[in-house]
1. Cβ contacts < 9 Å: first residue facing another protein chain (nearest Cβ under 7 Å), restricted to the stretch B:38-58; second residue assigned to a strand (DSSP E or B) and basic (Lys, Arg), any location; separation 6+ or different chain. Result?
2. Considering each residue of the stretch A:80-99, count those that are within 22 Å of residue A:43 (Cα to Cα) and either in contact with an Asp or Glu (Cβ under 6 Å, 6 or more places away or on another chain) or among the small types (Gly, Ala, Ser) (or both), and give that number.
3. What's the number of the condition residue B:65 fails, among (1) more than 13 Å from every other protein chain (Cβ to nearest Cβ); (2) within 29 Å of residue A:49 (Cβ to Cβ); (3) small (Gly, Ala, Ser); (4) assigned to a strand (DSSP E or B)?
4. Hey, among the residues in the stretch A:84-113 that are surrounded by fewer than 17 Cβ atoms within 10 Å (Cβ to Cβ) and either within 14 Å of chain B (Cβ to nearest Cβ) or of a type in the set (A, V, I, L, M, F, W, C) (or both), which one's farthest from residue B:32 (Cα to Cα)?
5. Is it true that residue B:49 is under 24 Å from residue A:34 (Cβ atoms) and in contact with a Leu (Cβ under 6 Å, 6 or more places away or on another chain)?
6. Go over the candidates B:68, B:44, B:54 one by one and state the one that is within 28 Å of residue A:41 (Cβ to Cβ) and under 14 Å from the mean Cα position of the chain (by Cα).
7. Within the stretch B:89-106, which residues are within 8 Å of chain A (Cβ to nearest Cβ) and either among the charged types (D, E, K, R) or out of contact with any Pro (no Cβ under 9 Å at 6 or more places or on another chain) (or both)?
8. Report the residue count in the stretch A:72-111 for those that are over 28 Å from residue B:56 (Cα atoms) and either touching a Gly at 6+ places or on another chain (Cβ under 7 Å) or not in a strand (DSSP E or B) (or both).
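A short reminder: the numbers here are calculations on the coordinates, not readings from a lab. Everything quoted here is computed from the prediction, not taken from an experiment. Glycine also receives a Cβ, built like all others from the backbone with ideal geometry; neighbour counts cover every protein chain displayed.
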Amino acid sequence: AQTVTQSQPEMSVQEAETVTLSCTYDTSESDYYLFWYKQPPSRQMILVIRQEAYKQQNATENRFSVNFQKAAKSFSLKISDSQLGDAAMYFCAYRRSQGNLIFGKGTKLSVKP
Amino acid sequence: KAGVTQTPRYLIKTRGQQVTLSCSPISGHRSVSWYQQTPGQGLQFLFEYFSETQRNKGNFPGRFSGRQFSNSRSEMNVSTLELGDSALYLCASSPGVNEQFFGPGTRLTVL
């Protein structure tokens, strides 16, 4: 069965600094997708970034980028120039083709002014 | 486009009752998935519907059921509520095999 592991329950970053959230996953599939979702106190799950496994190029969305290491089954999220609004729970998720999302336990990110 | 909507947003029930939650996907999305979020178990997949057919099902008891209508709106039903069913229930819609877009959730409290 596929699993997703986020080893950092909590992280803290100074405003304007850079932080990296870790995620590893386990799968025997070759065709799959990886995602980072953000859940602020409002509880609304917001898609931050996605990565297709067949793409070697790391995905980037403005201040958010990933480091996708397929062989190592690692998918970390880097947030640059952190802002107060980035404070939230961040969930790493895996989805095989036409499958459901499998989530990690989440990392709570705090941003210090 | 309007986002995923879920109703009601908050619900309080007592043990033994049943409840129905509703989800309207983003226009044009034919896939609707349901997830349960609790502090202890995290986010767990309940089921997915595509074109009115259940395509995937998670590991939940038969008390949890769902359906999808021809306009892609979906409902989930929980019968004989237990205290452990208290959770945030999230609905997500998808245009295909890639990302899922979530609604604001329904907070269910079972007393």
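1. B:45/B:57; B:48/B:55; B:48/B:57
2. Going through the stretch A:80-99 one residue at a time, the tally reaches 5.
3. Status for residue B:65: all satisfied but (2).
4. So the residue we want is A:84.
5. Considered against the rule, which asks whether it is under 24 Å from residue A:34 (Cβ atoms) and in contact with a Leu (Cβ under 6 Å, 6 or more places away or on another chain), residue B:49 comes out as no.
6. It is B:44.
7. B:97, B:98, B:99, B:100, B:102, B:104, B:105
8. Selection size over the stretch A:72-111: 9.
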